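Structure first, then comments.
We did not get these values from a lab; they are worked out from the coordinates using the rules stated. Just so it is clear, the structure is predicted and the values come from calculations on it, not from any experiment. FYI the Cβ positions are ideal-geometry reconstructions off the backbone, even for glycines, and counts take in every protein chain you see.
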Amino acid sequence: MRRSFLTLLLPLAGVAALTTAAINKPAQFSLFSIQQDIELGAQVARQTDSTYRAKGQLMERSRNARAYQLLDGVVKRVLDNGNLKYRTQFPWDVKIIKDDQIQNAFATPGGHIYVFSGLIKFLDNESELAGILGHEIAHADRRHSTQILQKQYGTSLLLGIVLGNRSSSQLVQLAAGIGQLKFSRDYELDADKYSTIYLNGTRYYDCDGAAGFFIKAEKQGGGGTPEFLSTHPNPGSRITNIQKSAQALGCASRTVSNTSFNELKRLL
């Protein structure tokens, strides 16, 4: 397996100068192969699971079957929108972290998604949840996550983790930091745009759902501002851009039942 990975790598000396340019704009060249995205994401997800399980915060599927049934329904609708490049390649799973004080969500490379219970409880309707999930799915499917990790942790460290040549402490460090990744404005706007595209493809959700979250977060302000905004900064034009994209797609006025969403919130 190691040999097969190595054959996929470009000589790092020859491409090192490309790294900075490659990670500053969406959908640019990546030093990682798709298989390496998958392998890195799997290792980070296992460590993330282990960390939150040890704290008693990872909501296990075996003990929360109904909550996951409801959340999976939203995730599946978004994933099956017809516009994901890696819908069949990435494993795509979602897990809930039980912490009502944290309003955040994040995705690893390869499509492992984590949502804090505090974020779900903060949201007002299912379209907002779908919008945030769509945003995180876009970060993974558009490979923003891998590229920003290359910038923040270095390509050699990430490749070492994929190839098993790095210490477990470095994987712990990476897993602990992935929920705090700060994406550039270009990446955030790209993920916002694709969130509307994904939700439009569901033929179900009001596709400016993510804007609803940002509107509420802006109104709340102060010390109670959701942690999601610390890693996904909210430029003034962001809400407008989401709403304009939804209007252009003609999917800004869909009415969705919140019965299942409200049940999910109660179960948390």
Can you tell me the relative contact order of the range 81-130? Whole percent, Cα pairs under 8 Å, sequence separation 6 or more. 32
Per the Cα gyration tensor, the range 61-207 corresponds to an equivalent ellipsoid with semi-axes, largest first in Å, of 26, 18, 14
Antiparallel %, DSSP beta bridges [both residues in the range 45-181], to 5: 50
Testing the spin-label approximation: label points 7 Å from Cα along Cα→Cβ at residue 173 and residue 259. State their distance in nm. 5.2
Mind ranking 53-59, 260-266, 31-37, 198-204 by how tightly packed they are, going by the mean number of other C-beta atoms within 10 angstrom, highest first? 198-204, 31-37, 260-266, 53-59
Where in the range 119-154 is the amide nitrogen less than 17 Å from a point lying 7 Å along the Cα-to-Cβ axis of residue 220? 119-133
Can you give me the Cα centroid spacing of the range 55-76 and the range 128-148 in angstrom? 19
Distance from the Cα centre of the range 245-268 to that of the range 161-207, in angstrom? 22
For the residue 244, residue 42 Cβ pair and Förster radius 45 Å, calculated FRET efficiency rounded to 0.05 is 0.75
Once you place label points 7 Å from the Cα toward the Cβ at residue 35 and residue 87, how far apart are they in nm? 2.5
